[in-house]
């Protein structure tokens, strides 16, 4: 997939997807991609691999890392599935909401303590079910509910009040901000912060740093398997990253939901990679080291990050599937068939991500 | 709004909208625009004003023109509101579906003769109502139902079978294709045809030709008002275009629906302009001649056409509202407020369409 040749790549993104209707071009989409290894070396790029990117929910594993490092998991008895939900943008299915309630009970808090609002679910099936019974979603139904309960746990674990846990100056968020910058190999002021849809601070940093984060998750999983079962020889950071990798890949159905891209992707690769979407079309993947990643020039695990310049998520998934095509076919998302209301095929999405070798 | 200055405009579109979250750029969008007058002169442009564009439903007035010119309106007793629905991408509200049924009765046809399928409605309120009563939409609910009944009428008016009326080789579609090219001042082979979401042929032509079509609609309305009430001095083409203009502007609630952009826009301008959206973010407007259009350099009416390169309709409406800002404020669509699930303002959409004078 990755050739050393000239391309239409550039600072404003490279032309990565073209939607055809008949022989006419309907829409075009630009994208950026960065492929790094566990050492943080940029191996391949498309568009601007340093594009300052709001990673949104793709940054959840880094926020979860800050929670893990407070000791909150041990203190409140969270299991691996709970940790997966902390990293999730879930579909508000019953299993997600029910687990959120159980996690709230573990931290001796309730829904009114959560500072996210309800919203229409990411799953259309759930949306239809809610409408049928006139259900008004609350905070436990937020696709970010696991992250928020994690924050309630983290606040208590560091001895801070849970009140205002979502505000940028709260002691927990100060800690989260440092951890996110640190794991992305950036100084604290190397990350810009904004407010997310769920009301927590959300980071923006160069796209290759998102790829680094995910390379580190996969590399930590490799390191854990290579070391003693007790993982006594691993640093606490590596152990925490490996724990997050294992949680997300062991419970992919909790990270997203029925039929969703992240869930299908991680199930297809069966532990071989971790993937997470962010709103407005960012995506990050960590691939465990193999003969194939070595052939791509990686030392250790591989990290891939993608951002579609216009925020189109359907296009994002097609691009990610294209990037992964040589690892394993993901036909469902790779070429979304375009059919009209009578089932007639009317067009096709052409995806060609012009990755350019960097070294 | 339109200054003679350099801009970031170019063949792949000009940067026309930037979505900020906090101080970080979330997404950017490129767009094209063409502003012409009734003589077809290109007055202002943004991006590539000749971009080959699938106008989709923005071309409906041209398809309706072909129907009007068959004499079908007189033959089947269609009124002005029926003609408005032929030009509509409606919200599948009761009034739209009921009128479709009445129009079907007028042409002695029924729903089974329609070659469009049902689909989730463009209105979320209607969607929720359908889900609540497990309603499965049929062809009469298609947002293009009026156009399809118009085609059933047109086929009969020219003495053709109604069977297969939607196929490119059907005598009616051959006629529609010629009329669309002709009213856009193009030879028949100057238009590329594909299949639309509703299963009818859909044209692609340079963006400035879409602007011409709408300038002609507004210019015909001007000509009708200037002539005798009997419009005896007008050409049949001009009379037909004026009839379409009057239908769409007299019944804007039938052209789209409650709260929809086209409806709100035409209601706000109270007959002063006609506007129509096309799927995947094209828009066209015809503005009747005034001191203001003359100041912009137009001879007669003004035509405006816009295409967002990535097909984002929310961005399209913001851009169109920006273009019209000096004519009348349309705050609702102009700057969509971006708030999260707790109502906190998290960002803003910055729209700046770099129109460049062409003459």
The stretch B:184-211 residues near the modelled residue B:50 label - backbone nitrogen below 11 Å, point 7 Å along Cα→Cβ: B:206-208
In a GNM of chain B with a 10 Å cut-off on Cα contacts, which of B:71, B:150, B:257 has the highest mean-square fluctuation? B:71
Residue mean of other protein chain beta carbons inside 10 Å, B:30-37: 1
Would you calculate a helix-derived [θ] at 222 nm for chain A, using -39,500 (n - 2.57) for each DSSP H run of n ≥ 4 and dividing by the full residue count, to the nearest 500? -11000 deg cm²/dmol
nm² value of the averaged projected area, convex hull over the Cα atoms of the stretch A:202-253: 4.5 nm²
GNM result for chain B, Cα springs below 10 Å: residue of B:41, B:132, B:209 fluctuating most strongly: B:132
Can you tell me which of A:259, A:40, A:275 moves the most in a GNM of chain A? Springs connect C-alpha atoms under 10 Å apart. A:259
At 7 Å out from Cα toward Cβ: residue B:350 inter-copy label distances (nm, ascending): 3.4
With no solvent and one equal point scatterer placed on each C-alpha of chain B, evaluate the Debye formula and give log10 I(q)/I(0) for q = 0.10, 0.12, 0.15 Å⁻¹, two decimals. -0.59, -0.85, -1.30
Percent breakdown of C-alpha pair distances by 5 Å bin, ordered from the shortest bin, for the stretch A:166-220: 4, 20, 28, 23, 16, 7, 1
I need the shape label for the stretch A:8-151. Rule: rounded when a/c is under 1.5, else prolate if a/b > b/c, else oblate, with a, b, c from the alpha carbon gyration tensor. oblate
Share of pairwise Cα separations in the stretch B:35-119, more than 15 Å, in percent: 70 percent
Between residue A:178 and residue B:131, what's the calculated FRET efficiency when r is the beta-carbon distance and R0 is 51 Å? Round to 0.05. 0.65
Position residue B:168, label points 7 Å along Cα→Cβ, spacing to each other copy in nm (shortest first, one decimal): 5.5
How far apart, in nm, are the 7 Å Cα→Cβ label points at residue B:339 and residue A:94? 3.4 nm
Which Rg and Dmax, in Å, describe the Cα atoms of the protein assembly as shown? 27.7, 95
If you take the square roots of the eigenvalues of the alpha-carbon gyration tensor of the stretch A:74-182 and sort them as a ≥ b ≥ c, do you get rounded (a/c under 1.5), prolate (a/b over b/c) or oblate? prolate
Cα gyration tensor shape of the stretch B:222-280, rounded if a/c is under 1.5, else prolate or oblate by comparing a/b with b/c: prolate
Other-copy label distances relative to residue B:292, 7 angstrom Cα-Cβ extension, nm: 5.9
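Read-outs: derived from the displayed coordinates by stated rules, not from any lab. Just so you know, these numbers come straight off a predicted model, no measurement behind them. All Cβ positions, even for glycine, are placed from backbone atoms using ideal geometry, and neighbour counts span all protein chains on display.
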